[in-house]
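The values are calculated or read from the model by the stated rules, or taken from the named source; none is laboratory data. As the structure is a computational prediction, the values presented were derived from the model and not from experiment. When we count neighbours, we look across all protein chains shown, and the Cβ atoms used for this are built from the backbone with ideal geometry, even at glycine.
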Amino acid sequence: MNHNAEEPDDEAQCMDVTPLYDPRTLIMLATLLIGVMGMVLLLMERASTLGIPGVRDWAVGSMLAALAGVLIILRGVAPEWLTFTVQNTAAMLAYTFYWVGSAKHFAQQPRLHAWVVLFALAWIGQTYFTHVVDSLRGRYLSLTGYVFAASLMHAAVFVRQILRNRASHRRRSLGLYFTAFWIGFSCLVFGARWTHALLLPQHGQGMLEVSWLQALYLGTFTFGLVIVNIGFLLLVSERIRSNFEQLAMTDTLTGVRSRRALVDAASDLFRRSRRSGEPFSVLSLDLDHFKAINDQHGHQIGDHVLQAFCRRMEDTLRQSDVFGRQGGEEFILLLPATTMAQASELAERLLLAAVTSEPGLPGVTVSIGLTDWRRDDTSIDDLFNRADRALYAAKAAGRNNAQYC
């Protein structure tokens, strides 16, 4: 069946734009860009030590989109089952992988069971209108309808993530808003194309038709697809940067905050208290006789002791409290909106939690120095210095106790 012999538009409906526009050239350029960006996505995912969810799905989607582009270019040369049925299948799968990849990237669960039915119906429709009943309108309605629905689901993923970020007051993401905008734009274009196919006669050679209207549709399809891939690259680069920041802010041995993260959090609390007068407290903790544990049991057991101690501390703390490792067996605890009386009560609970031993590990105790923010403090260093002096007093008082300065 020859799909290139369909009835052409009349002059009023189809203005020849051949001197300005070659659809195969446009598709070839977009295919090359999308294929390259798919490979770049894979390389970036491999370069990330912590892994980035969804990137492989995006990369597979880009490879499928590039395959679909190559098969469109081969129409009239390769068999129709390849350049129509396989091409349309690759295009539908590409947009599905894009949507699923974004859902994974933002820790959302894609619901694929019902989606398989929609995919099957669209595939049957475009195959039927290609090989059984030759209908350009039918092919447009089945293919564009599916891609439109997949794009809507894709856009919904980004809307949910934007709302989630706003609710948690997270830092704005350029990649998130950029990609969301262009996916929304693609929804409008696909919706317009589907409506056009539903309401108006469809003639010519489909995507390879040389007319001003098809040039507009094809240009927006390909341009939007390239830009969305750029958005994926932005999201990946932001996640890589976030992973590096997380590594810098996390103590690799214990998983609690690093010294840098503690200083940043303490500085924020100090500025907040200077503005509002809200109290906060600082606790300095040091494991007693930890060197003896390392000498007697070895550094590996010592590491396990530190990890177990941190778990017990975090189980005792509030979600708003900031606990981190300053170095060695020394730790800092920041207590927002906490008076010294409240901090003293918590310190007693921490002393009890510390002595709770775990099977296979030697028992430990902890000494604690406490202090709180005062209006005459000039910097966070004033609080850290007082907490250290209180800690030395706790050590001098026989260890396994808490002292205030």
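Pick out the one residue from A68, A114 that is of a type in the set (G, A, S), at pLDDT below 95 and surrounded by 15 or more Cβ atoms within 10 Å (Cβ to Cβ).
Criteria check complete, one pass: A68.
What pairs come up if the first residue lies in the range 31-56 and is of a type in the set (F, W, Y), the second is part of a loop (DSSP other than H, G, I, E, B) and surrounded by 18 or more Cβ atoms within 10 Å (Cβ to Cβ), and their beta carbons are under 7 Å apart, counting only those six or more places apart or on different chains?
Hits for this filter: zero, empty list.
Does E209 satisfy the criteria of being among the acidic types (D, E), touching a helix residue (DSSP H, G or I) at 6+ places or on another chain (Cβ under 9 Å), at pLDDT 85 or above and under 26 Å from A94 (Cβ atoms)?
No: the conditions fail for E209.
Give the residues of the range 171-188 that are aliphatic (A, V, I, L, M) and surrounded by fewer than 15 Cβ atoms within 10 Å (Cβ to Cβ), sorted by residue number.
L174, L188
What's the total number of residues in the range 100-121 that are in contact with a Ser or Thr (Cβ under 9 Å, 6 or more places away or on another chain) and over 26 Å from T179 (Cα atoms)?
Qualifying residue count, the range 100-121: 1.
State which residue pairs qualify: first residue at pLDDT below 85 and inside the range 348-366, second residue charged (D, E, K, R) in any location, beta carbons under 9 Å apart, and separation of 6 or more residues or different chains.
Listed pairs, sorted by first residue: T356/R312; E358/R311; E358/R312.
Mind counting the residues in the range 69-109 that are without any contact (Cβ under 8 Å) to a residue 40 or more places away in the chain, part of a loop (DSSP other than H, G, I, E, B) and under 28 Å from G184 (Cβ atoms)?
Within the range 69-109, residues that are without any contact (Cβ under 8 Å) to a residue 40 or more places away in the chain, part of a loop (DSSP other than H, G, I, E, B) and under 28 Å from G184 (Cβ atoms) number 1.
State yes or no: is Q109 surrounded by fewer than 19 Cβ atoms within 10 Å (Cβ to Cβ), out of contact with any strand residue (DSSP E or B) (no Cβ under 8 Å at 6 or more places or on another chain), at pLDDT below 90 and polar (S, T, N, Q)?
Criteria met by Q109.
Among the listed residues L218, L198, L253, L262, identify the single one that is outside any helix (DSSP H, G or I), among the hydrophobic types (A, V, I, L, M, F, W, C) and out of contact with any Ser or Thr (no Cβ under 9 Å at 6 or more places or on another chain).
L253
Just one of the numbered conditions (1) in contact with a Pro (Cβ under 9 Å, 6 or more places away or on another chain); (2) at pLDDT 90 or above is not true of R137; which one?
Result: R137 passes all but (2).
Is it true that F309 is among the aromatic types (F, W, Y), in contact with a Lys or Arg (Cβ under 7 Å, 6 or more places away or on another chain) and either at negative phi or part of a strand (DSSP E or B) (or both)?
When the stated conditions are applied, F309 does not pass them.
Residues of the range 65-99 being of a type in the set (V, I, T) and over 22 Å from V132 (Cα atoms), which ones?
V70, I73, T96
With respect to R160, is the statement that it is surrounded by fewer than 20 Cβ atoms within 10 Å (Cβ to Cβ), assigned to a loop (DSSP other than H, G, I, E, B) and of a type in the set (D, E, K, R) true?
So R160 does not fit the description; no.
Does R399 satisfy the criteria of being in a loop (DSSP other than H, G, I, E, B) and more than 38 Å from the chain's Cα centre (by Cα)?
For R399, the condition - in a loop (DSSP other than H, G, I, E, B) and more than 38 Å from the chain's Cα centre (by Cα) - is met.
Rundown of residues vs (1) over 20 Å from R389 (Cβ atoms); (2) touching a residue at least 24 places away in the same chain (Cβ under 8 Å); (3) surrounded by fewer than 20 Cβ atoms within 10 Å (Cβ to Cβ), yes/no style:
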site	(1), (2), (3)
D268	yes, no, yes
S284	no, yes, no
L287	no, yes, no
F309	yes, yes, no
V322	yes, yes, no
T338	no, yes, no
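Can you name the number of the only condition in (1) at pLDDT below 90; (2) under 30 Å from the mean Cα position of the chain (by Cα); (3) buried (at least 16 other Cβ atoms within 10 Å of the Cβ); (4) not polar (S, T, N, Q) that R318 fails?
Checking R318 against (1) at pLDDT below 90; (2) under 30 Å from the mean Cα position of the chain (by Cα); (3) buried (at least 16 other Cβ atoms within 10 Å of the Cβ); (4) not polar (S, T, N, Q), the one that fails is (3).
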